[in-house]
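The values are calculated or read from the model by the stated rules, or taken from the named source; none is laboratory data. Just so it is clear, the model here is predicted, and its values are computed rather than measured. Positions of Cβ are backbone-derived with ideal geometry, glycine not excepted, and every protein chain shown enters the neighbour counts.
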Amino acid sequence: MSFLSHLDALEAESIHIFRETAAAFGRPVMLYSIGKDSSVLLHLLRKAFYPARPPMPLLHVDTTWKFREMIAFRDQVAAEGDVEVLVHINEEGLRQGISPLTHGSAVHTDVMKTAGLKQALDKYGFDAAIGGARRDEEKSRAKERVFSFRNAQHRWDPKHQRPELWHTYNTQIHQGESVRVFPLSNWTEMDVWQYIRREAIPVVPLYFAKPRPVVERDGALIMVDDDRFTLREGEAVQMREVRFRTLGCYPLTGAVESSADTLDKIIDEMAASRSSERQGRMIDHDGSASMERKKQEGYF
Amino acid sequence: MATLDITPTSQASTQLLRFITCGSVDDGKSTLLGRLLYDTGMVPDDQLAALARDSRKLHADTPDALDFSLLTDGLDAERQQGITIDVAYRYFHSARRSFIVADCPGHEQYTRNMATGASNAGLAVVLIDARKGVLPQTRRHTYICALMGIRQVVVAVNKMDLVDWREDIYAAIAHEYRELAAQLGIAQVHCLPAVAPSGDNVGRRSDRMGWYEGPCLLELLESADTAPAQGTEFRMPVQWVNRPDASFRGYAGTVCGGRVAVGDEVVVQPAMRRARIERIVTADGDLPHASEGQAVTLTLDREIDVSRGDVIADAARPAPVADQFAAHVLWMGDEPLLPNRAYWLKIGTRTVNARVTTIKHKVDVNTQAELAARRLELNEVGYCNIDLDHAIAFESYADNRTLGGFVLIDRQTNATVGCGMLDFALRRAANVHWQHTDLDKQARSLSKGQQARCLWFTGLSGAGKSTIANLVERRLHALGYHTYMLDGDNLRHGLNKDLGFTPEARVENVRRVAEVAHLMVDAGLVVLVCVISPFQSERRFARGRFDEGEFIEVFVDTTLEECERRDPKGLYRKARAGEILNFTGIDSPYEAPEQAELHLRTSGLRPEQLAEQVVEQLLHGMGEDRPHA
């Protein structure tokens with residue numbers, strides 16, 4: 001009997017989850033946030049349904065504060081034409097002028113991401129939304145199911161999750177309810193990079209080190225991506241060789257100093273790294289167990 | 001820092017071991033796992049700093065010691081209560097292997113979570129507190145592991161420092177555990193003494209217990225057998241029919257047993273249609289063969305009917321097919337499992353209707369004693385007979401977890417309320433065949449000049465069901481219809497004489513009435529059924545026995561106050577006096593229909609007027625085929 005290698009086993013499990021979602025739900029969607037996990041998801045989506053086109057669209061909830069290189073990358077994916085890419089912006093939030101610079105990470109994330117996502121899911125009537133969250137990212141995610149039930153208000157209740165046995169997923173829902181599906185649940189950050197290298201999956205260039213204009217703020221290196229960024233007193237823009245381990249809204253995502261400009265170097269750097277992936281994410285530092293609360297309210 | 005030599009870049013080609021940790025509350029499970037993560041260098045500096053900070057905050061008396069349990073207890077409620085509530089999954093690797101560990105809670109009320117963690121695991125790490133020895137929880141966890149098919153156990157006898165590192169204490173516990181494991185059919189047991197907080201025998205061998213010469217926990221995990229083998233015959237449940245255009249028709253799924261090659265003859269089950277494998281398609285190119293665990297797309301050499309839920313199997317050695325089984329069921333629902341209630345059963349990629357027909361016994365999970373049972377409560381395990389409405393291809397769970405393991409889903413709430421492990425098909429499933437008869441329902445209805453129907457009257461005791469149905473039947477009879485009335489009370493004098501009024505008995509009562517009504521409709525009659533039928537679930541089961549449009553649910557809606565005021569049989573008075581238990585509306589619930597074909601609000605109307613509404617609805621539904629009228 002031959003056993004699959006570690007990455008082959010993870011890939012097969014993810015493909016199984018994609019197929020189960022497509023078969024069991026009336027209107028599934030894949031959430032596309034343009035990061036490395038999204039790139040891996042898209043690759044798996046194409047593999048799962050080959051030679052057919054992926055039977056679901058991608059949805060990007062645009063906060064209007066993504067790095068410009070991310071938006072360019074997204075538009076390139078859309079131009080390839082084998083998947084439909086839907087973009088949703090919370091217009092109401094935009095009108096209110098919600099900005100991570102003035103309103104802070106909590107309000108910005110709540111309005112532009114969480115509320116924006118709920119609007120989009122309701123607008124298109126999606127009953128299953130596939131996302132790239134991994135259980136190794138954060139403690140409350142470690143308890144999340146692969147098929148994670150949401151009530152009609154998109155709420156997650158950690159105490160009433162459906163037991164999930166084998167690969168037999170309960171996909172039954174009532175009208176108006178939905179599930180979030182996480183095919184990368186069992187992947188780690190290292191698995192993701194090794195898979196990207198093995199499969200030669202394109203990712204946003206921001207993951208590779210390069211001299212970039214940054215400002216040191218609250219202990220993080222924030223990249224100045226456009227002229228909406230305003231300097232505080234005493235701050236100066238410097239060119240530093242940096243890269244990103246994770247990508248979100250540019251004012252909320254810290255860069256790390258690095259010279260890793262190839263996949264091999266990134267993987268070596270990670271192997272030696274002594275800090276966690278999300279340390280640069282401001283939204284994780286909004287208070288202890290803040291992710292758990294955000295998730296209950298419908299955050300991905 | 002005592003980290004091991006890890007070279008993570010080598011892990012891409014290593015194999016994955018999924019295991020679980022279990023043990024009773026406070027035996028140091030979370031600490032052991034946290035320590036394992038720490039020893040393998042899996043705790044990044046920022047998390048380590050947070051750990052040191054949190055440890056100081058919680059343990060003012062030992063400010064410098066790290067509380068490794070804080071690495072794994074993540075939910076707010078868990079931190080507050082200092083316990084693990086739900087299964088948490090952790091990921092780590094050593095130079096030799098990648099691991100996924102399901103960290104399972106110890107409390108009895110979370111037995112279902114443990115089973116969940118065990119379902120995908122190939123090995124269990126069982127923790128035992130050296131001061132306490134083998135506890136009922138140890139027995140329960142080991143039983144659940146055995147039930148879920150785990151055949152390798154590593155026993156860590158923890159807190160050896162608190163028993164002065166005594167070998168005799170360790171040896172006695174190891175001996176007792178081995179006896180338990182042998183009883184439960186667990187083939188491989190390895191015991192080791194450990195101290196989780198200081199890492200003795202966790203990530204490295206301890207020099208403080210020279211009398212133990214075996215490997216440390218990490219070494220054992222690195223050398224253990226990986227994924228549980230699923231059986232050697234080729235099996236693949238069809239997940240998705242891939243049809244991009246008229247020229248391609250492929251069947252996508254994950255191989256759950258054995259191996260298949262291009263040219264092999266296969267059979268599509270349960271219909272048993274044969275074909276040969278033409279291509280094994282993947283996005284990375286066609287494969288010459290595929291084996292267990294691979295997600296592939298198969299094309300066949302001829303056009304046969306294949307849909308999601310079918311199983312493609314080796315034609316020479318197909319899977320057994322049946323619709324009645326013996327199985328172990330672990331109940332996970334807050335409401336009890338009631339025999340004869342219909343649930344969804346999902347096995348592989350197929351979902352069917354299922355009923356537990358008999359609970360042969362339940363198992364005391366602490367002692368493994370077999371006890372009589374009429375229902376299963378949360379976290380109880382029962383050995384049951386199960387009846388499906390469709391035959392399925394299956395394997396016994398011991399041979400194949402995918403085709404032998406199922407979940408039960410509540411048809412109203414959609415909650416996952418149970419899981420089960422198939423044992424074998426009941427012989428009667430193979431021996432009782434459906435006898436084909438030449439005359440059918442249509443022929444019998446036609447000879448009576450009518451369309452057969454089931455009018456199902458539901459409502460509280462005293463609501464007026466029988467009174468109205470009686471008037472309806474008289475009217476239909478006068479119009480020339482062939483009818484029969486099945487009254488719940490009357491049936492309890494004969495067919496249902498053996499049944500009481502507990503929820504279990506009510507489920508069975510309604511099932512029998514529905515079956516009799518079904519036979520009478522098959523005979524071409526218009527059948528009027530009057531039973532309280534308090535549960536939506538059973539009314540839905542009854543509806544499912546009939547063809548579209550044949551079943552007319554009539555909700556006789558009279559308020560409890562009104563029924564109690566009328567009290568035609570004096571039952572409410574007795575129920576209120578506590579002389580009758582399980583009385584609907586008093587100490588037993590009535591679940592009102594949500595989508596009845598006819599909703600009769602009885603207040604202010606005479607029975608004759610209500611009966612006329614029913615007759616109109618019935619005749620309207622039959623269109624112009626009214627006989628004799």
Open item on the list: Restricting to the range A:172-191, name every residue that is touching a Phe, Trp or Tyr at 6+ places or on another chain (Cβ under 6 Å) and either more than 17 Å from A:THR21 (Cβ to Cβ) or surrounded by fewer than 23 Cβ atoms within 10 Å (Cβ to Cβ) (or both).
Closed with: A:THR188
Open item on the list: I'd like the full set of residues that are at pLDDT below 90 and acidic (Asp, Glu), limited to the range B:97-152.
Closed with: B:ASP103, B:GLU108
- [ ] Check A:TRP156 against each of (1) outside any helix (DSSP H, G or I); (2) within 24 Å of B:PHE19 (Cα to Cα); (3) more than 7 Å from chain B (Cβ to nearest Cβ) and name the one condition it does not meet.
- [x] (2)
TODO: Name every residue in the range B:22-36 that is within 12 Å of B:TYR91 (Cα to Cα) and touching a Ser or Thr at 6+ places or on another chain (Cβ under 8 Å), in order of residue number.
DONE: B:LEU33, B:GLY34
Task: Filtered residue count, the range B:294-343, keeping only those that are in contact with a Gly (Cβ under 7 Å, 6 or more places away or on another chain) and either under 18 Å from B:ASN379 (Cα atoms) or among the β-branched types (Val, Ile, Thr) (or both) - done: 11
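Please go through the range A:31-58 and give me each residue that is among the aromatic types (Phe, Trp, Tyr) and within 9 Å of chain B (Cβ to nearest Cβ), ordered by number. I'd like the intermediate steps shown before the answer.
Initial filter on the range A:31-58 (among the aromatic types (Phe, Trp, Tyr)): A:32, A:49-50.
Across the range A:31-58, the qualifying residues are A:PHE49, A:TYR50.
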Open item on the list: Looking for something within 14 Å of another protein chain (Cβ to nearest Cβ), more than 14 Å from B:LEU127 (Cα to Cα) and loosely packed, with under 15 Cβ neighbours inside 10 Å - is there at least one such residue anywhere in the range B:165-188?
Closed with: no
- [ ] Could you please tell me which pairs satisfy a Cβ distance under 7 Å, a separation of 6+ or placement on different chains, a first residue in the range A:117-131 that is assigned by the TED database to the domain that holds A:VAL29, and a second residue that is surrounded by 18 or more Cβ atoms within 10 Å (Cβ to Cβ) and of a type in the set (Lys, Arg)?
- [x] A:ALA129/A:ARG180; A:GLY131/A:ARG180
- [ ] Within the range B:131-147, work out how many residues are among the aliphatic types (A, V, I, L, M) and not in a loop (DSSP other than H, G, I, E, B).
- [x] 3
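Would you check if there is a residue in the range A:5-12 being away from chain B (no Cβ under 14 Å), modelled with pLDDT under 95 and touching a helix residue (DSSP H, G or I) at 6+ places or on another chain (Cβ under 7 Å)?
If we filter the range A:5-12 for residues that are away from chain B (no Cβ under 14 Å), which is where we start, we get none.
Taking every residue of the range A:5-12 in turn, none turns out to be away from chain B (no Cβ under 14 Å), modelled with pLDDT under 95 and touching a helix residue (DSSP H, G or I) at 6+ places or on another chain (Cβ under 7 Å).
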Open item on the list: When you check B:LEU499 against the structure, is it modelled with pLDDT under 85, touching a helix residue (DSSP H, G or I) at 6+ places or on another chain (Cβ under 7 Å) and surrounded by fewer than 20 Cβ atoms within 10 Å (Cβ to Cβ), yes or no?
Closed with: yes
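Taking A:HIS88, is it farther than 27 Å from A:PRO57 by Cα, assigned by the TED database to the domain that holds A:ASP37 and either surrounded by fewer than 20 Cβ atoms within 10 Å (Cβ to Cβ) or modelled with pLDDT of 90 or more (or both)? Quick ask: steps written out before the conclusion?
Numbers: farther than 27 Å from A:PRO57 by Cα: no; assigned by the TED database to the domain that holds A:ASP37: yes; either surrounded by fewer than 20 Cβ atoms within 10 Å (Cβ to Cβ) or modelled with pLDDT of 90 or more (or both): yes.
Here the answer is no, as A:HIS88 does not meet what is asked.
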TODO: Look through the range B:440-495, keep the residues that are in a strand (DSSP E or B) and among the hydroxyl-bearing types (Ser, Thr, Tyr), and return whichever of them is nearest to B:LEU610 (Cα to Cα).
DONE: B:THR458
Open item on the list: Can you tell me how many residues within the range B:33-58 are at pLDDT 80 or above and either away from every other protein chain (no Cβ under 13 Å) or part of a helix (DSSP H, G or I) (or both)?
Closed with: 17
TODO: For the range A:118-133, indicate whether the set of residues that are touching a Gly at 6+ places or on another chain (Cβ under 7 Å), within 27 Å of A:GLU189 (Cβ to Cβ) and within 13 Å of chain B (Cβ to nearest Cβ) is non-empty.
DONE: no
